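Peer 1: Please read through the structure below; I'll follow up with questions.
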There are 2 protein chains.
Amino acid sequence: MDIIKVSAHSRSTAVAGAIAGIVRQHKHAEVQAIGAGAVNQAIKATAIARGYLELDGINICCIPFFTEIQIEDQERTAIKLVVEPR
Amino acid sequence: MDIIKVSAHSRSTAVAGAIAGIVRQHKHAEVQAIGAGAVNQAIKATAIARGYLELDGINICCIPFFTEIQIEDQERTAIKLVVEPR
């Protein structure tokens, strides 16, 4: 399954739509964000996706993890949010 | 129960300790953050608190909400994270 990569410039409603679509299909979505602006957009998107999925009777919660990723040979710490029905 | 208020300058390990303590006692904690820097610290703290609580066999997840709050007569949109055992 694809990871939803979020930047500080991502539109939170677009990310929310992606989260809702993947959770509906797979009952599990993963969102990755690096830096405060990106993490903020990811959390806002999760709050919006909650509203979308409540209409389908799905009550989501998110579980945050630290994860190390390689970008241009440099190790960066990202936040991964696992989004699943409760 | 008190809401844990997080700023961009909060130490994420200190916030994590507060979350873990309140979840152990009440099975429910609420974290409030305004702005990207604060939301980022709040999510990092939740990820760290997960590690603390796993040692007690408690598996937490968080549920993000938008919430309107008044600061100096101005309405601001905050993010509220509800942290509970899964």
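The values are calculated or read from the model by the stated rules, or taken from the named source; none is laboratory data. Keep in mind that what you see is a predicted model, and the values were worked out from it rather than measured. Every residue, glycine among them, receives a Cβ derived from its backbone with ideal geometry; neighbour counts consider all protein chains shown. For accessibility, only protein heavy atoms count, side chains too; no ligands or nucleic acids. Shrake-Rupley method; radii C 1.70, N 1.55, O 1.52, S 1.80 Å.
Peer 1: Run the label-point distances for B:ALA14 please: 7 Å along Cα to Cβ, every other copy, nanometres, shortest first.
Peer 2: 3.8
Peer 1: What nm distances, shortest first, do you get from the label point of A:LYS27 to those in the other copies when the point sits 7 angstrom along Cα to Cβ?
Peer 2: Copy-to-copy label distances for A:LYS27: 2.4 nm.
Peer 1: Can I ask one more? Under the convention of a label 7 Å out along Cα→Cβ, give the distances in nm from A:GLU54 to the same position in every other copy, shortest first.
Peer 2: Spelled out, the distances from A:GLU54's label point are 3.0 nm.
Peer 1: Hey, another quick one. Against the longest principal axis of chain A, how steep is helix A:12-26, in degrees 0 to 90 to the nearest 10, with axes from Cα atoms?
Peer 2: 70 degrees
Peer 1: With all protein chains present, how much of the accessible area of the protein assembly as shown (probe radius 1.4 Å) comes from carbon and sulfur, to the nearest whole percent?
Peer 2: 47 percent
Peer 1: Something else: If you look for lysine pairs in the protein assembly as shown that are eight or more places apart or on different chains, how many of them have Cα atoms under 23 Å apart?
Peer 2: The result is 20.
Peer 1: Now, a different point. To the nearest 500 deg cm²/dmol, what mean residue ellipticity at 222 nm is calculated for chain A from DSSP H runs of n ≥ 4 alone, each contributing -39,500 (n - 2.57), summed and divided by the residues?
Peer 2: Value at 222 nm, helices only: -13500 deg cm²/dmol.
Peer 1: Would you pull out the residues with amide H under 5 Å of A:LYS5's amide H, same chain only if 5 or more places away, H placed 1.01 Å from N?
Peer 2: For A:LYS5, whose amide H was placed from the backbone, the distant partners under 5 Å are A:GLN32.
Peer 1: Just to confirm my numbers, what's the Cα centroid distance between segment A:12-50 and segment B:1-29 in Å?
Peer 2: The two parts, judged by their Cα centres, are 23 Å apart.
Peer 1: Still on this structure, I have one more. Tell me, what HN-Hα J-couplings in whole Hz come from the Karplus equation 6.51 cos²θ - 1.76 cosθ + 1.60 at θ = phi - 60° for each residue of segment A:52-64, using x for Gly and Pro?
Peer 2: Karplus-based 3J(HN,Hα) across segment A:52-64 equals 4, 7, 4, 5, 9, x, 9, 10, 8, 9, 10, 10, x Hz.
Peer 1: What is the Rg over Rh value, at two decimals, for segment A:4-85, using alpha-carbon atoms and the Kirkwood definition of Rh?
Peer 2: With Rg and the Kirkwood Rh in hand, the quotient comes to 0.99.
Peer 1: At 1.4 Å probe size, put B:HIS26, A:HIS9 in order of accessible surface, largest to smallest.
Peer 2: A:HIS9, B:HIS26
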